[in-house]
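Right, one structure below, let's go through it.
The values are calculated or read from the model by the stated rules, or taken from the named source; none is laboratory data. Treat the numbers as computed from the prediction; the structure is a model and nothing was measured. Ideal geometry is used to build each Cβ from the backbone, glycine not excepted, and the neighbour counts take in all protein chains shown.
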Amino acid sequence: MGVIQDIQKAQMKTELPEFKVGDQVDVGVQIVEGDKQRTQVFNGVVIARYGKGIAEKFKVRRIVQDEGVERTFPLHSPAVLWVKVKRQGSVRRAKLYYLRGRLGKASRIKEKFETKE
Amino acid sequence: MVKALLGKKLGMTQIYTEAGVLVPVTVIQVGPCRVTQVRTLEADGYRAAQIGFDPKKPKRTNKPMMGHFARSSSQPMRLIKEVAIDDGAEIQTGQDLKVDIFGDQKFVDVIGTTKGKGFQGVMKRWGFGGGPETHGSTSHRRPGSIGAGSDPGHILKDKGMPGHMGDRRRTVRNLKVMRVDPEQNLLLLKGAVPGAKGSYVMVRKSAAVGIRGKGA
């Protein structure tokens with residue numbers, strides 16, 4: 001038994017990037033154009049993490065030319081090369097869908113600072 | 001080689017392709033299948049291989065069947081089926097057949113028994129719209145009229161009616177082979193396959209590919 005679990009486990013990344021909802025991140029995405037490969041960076045705020053196991057995904061939102069753009073990345077996808085946290089956010093919600101209705105100053109997120117030991 | 005093998009549906013999951021796309025797959029344990037008897041043109045008038053799958057205890061097998069399995073020096077098997085053989089291929093009794101025969105196969109067909117749904121109404125079984133839920137209607141999930149009057153004077157054949165749904169033999173054609181694992185006897189196919197987890201299926205090399213010119 002456990003064949004299906006083995007298949008899933010084999011596909012899952014062993015070292016996951018650490019980031020949370022509310023964080024400002026850069027996501028490195030591998031793009032294949034013909035026979036060339038390059039890494040595209042998508043910058044934005046993580047507004048949701050959902051799903052579990054092999055199917056876990058996260059949503060990143062940013063504003064491009066006054067228009068909200070959201071991309072969903074499968075966390076364990078080989079095309080998602082890395083996730084870098086630029087700024088940690090301090091939020092009280094698991095899903096930041098309320099940001100969709102906000103622009104500019106209203107869509108700010110408080111920064112989280114490491115508390116002293 | 002034989003054109004089909006027997007297997008057991010293990011369940012579904014998702015795998016990533018190299019491009020990083022999540023694809024839904026069904027995991028099937030295919031074989032190993034022991035050839036228990038070979039049908040020949042001389043003796044039987046047609047060519048086929050009788051193959052067995054899923055070993056069971058000798059204790060649970062009756063004596064006539066034990067004798068049959070002994071001829072191919074095989075363990076007693078739960079499932080026995082005849083499958084077609086490719087033209088010109090030689091199959092020996094007692095041979096073990098494994099998933100690797102699908103190694104160069106892009107598409108396969110899967111034959112299985114669908115999950116039984118019991119006695120179901122016309123909305124679930126045939127997708128009828130049913131009647132209005134409100135506004136005084138009492139005809140909520142009913143079929144409505146089932147035909148005209150004295151002309152034609154009978155109900156048309158194949159008219160959708162309530163009845164037993166599921167638990168029928170169904171074939172799904174042209175499922176893409178995502179992965180073949182000969183070590184664990186596993187076959188990963190894109191998409192769904194009839195039946196519940198643990199149910200038996202027959203996996204067949206796709207007949208339609210090539211004939212209709214639908215390859216790759």
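Residues in the stretch A:60-117 that are closer than 30 Å to A:MET12 by Cα, modelled with pLDDT of 85 or more and out of contact with any strand residue (DSSP E or B) (no Cβ under 8 Å at 6 or more places or on another chain): A:VAL91, A:ARG92, A:ARG93.
How many residues does the stretch A:3-62 hold that are polar (S, T, N, Q) and assigned to a loop (DSSP other than H, G, I, E, B)? Looking only at that region, the number is 1.
Residues considered: B:PHE128, B:PHE69. Of these, the only one that is touching a residue at least 12 places away in the same chain (Cβ under 8 Å), in contact with a helix residue (DSSP H, G or I) (Cβ under 6 Å, 6 or more places away or on another chain), over 25 Å from B:ALA207 (Cα atoms) and among the hydrophobic types (A, V, I, L, M, F, W, C) is B:PHE128.
Checking B:LYS81, B:LYS106 one by one, the residue that is in contact with a strand residue (DSSP E or B) (Cβ under 9 Å, 6 or more places away or on another chain) and closer than 25 Å to B:ARG168 by Cα is B:LYS81 and no other. Tell me whether the stretch B:4-21 contains one or more residues that are out of contact with any helix residue (DSSP H, G or I) (no Cβ under 7 Å at 6 or more places or on another chain), more than 14 Å from every other protein chain (Cβ to nearest Cβ) and not in a strand (DSSP E or B). Checked the stretch B:4-21: no residue is out of contact with any helix residue (DSSP H, G or I) (no Cβ under 7 Å at 6 or more places or on another chain), more than 14 Å from every other protein chain (Cβ to nearest Cβ) and not in a strand (DSSP E or B). For the stretch A:1-54, filtered to residues that are away from chain B (no Cβ under 13 Å) and hydroxyl-bearing (Ser, Thr, Tyr), the residue that is surrounded by the most Cβ atoms within 10 Å (Cβ to Cβ) is A:TYR50. Looking across the stretch B:83-140, the residues that are among the small types (Gly, Ala, Ser), surrounded by fewer than 13 Cβ atoms within 10 Å (Cβ to Cβ) and over 30 Å from B:ARG47 (Cβ atoms) come down to B:GLY116, B:GLY118, B:GLY127, B:GLY129, B:GLY136, B:SER137, B:SER139.
Pairs under 7 Å by beta carbon, first residue farther than 29 Å from B:GLY67 by Cα in the stretch B:91-117, partner of a type in the set (Phe, Trp, Tyr), six or more apart or different chains? Sorted first by the residue in the stretch B:91-117, then by its partner, the pairs are B:VAL108/B:PHE102. When the residues of the stretch B:153-205 are filtered to those that are in contact with a helix residue (DSSP H, G or I) (Cβ under 9 Å, 6 or more places away or on another chain) and aliphatic (A, V, I, L, M), which remaining residue is surrounded by the fewest Cβ atoms within 10 Å (Cβ to Cβ)? Restricting to residues being in contact with a helix residue (DSSP H, G or I) (Cβ under 9 Å, 6 or more places away or on another chain) and aliphatic (A, V, I, L, M), the top hit is B:MET161.
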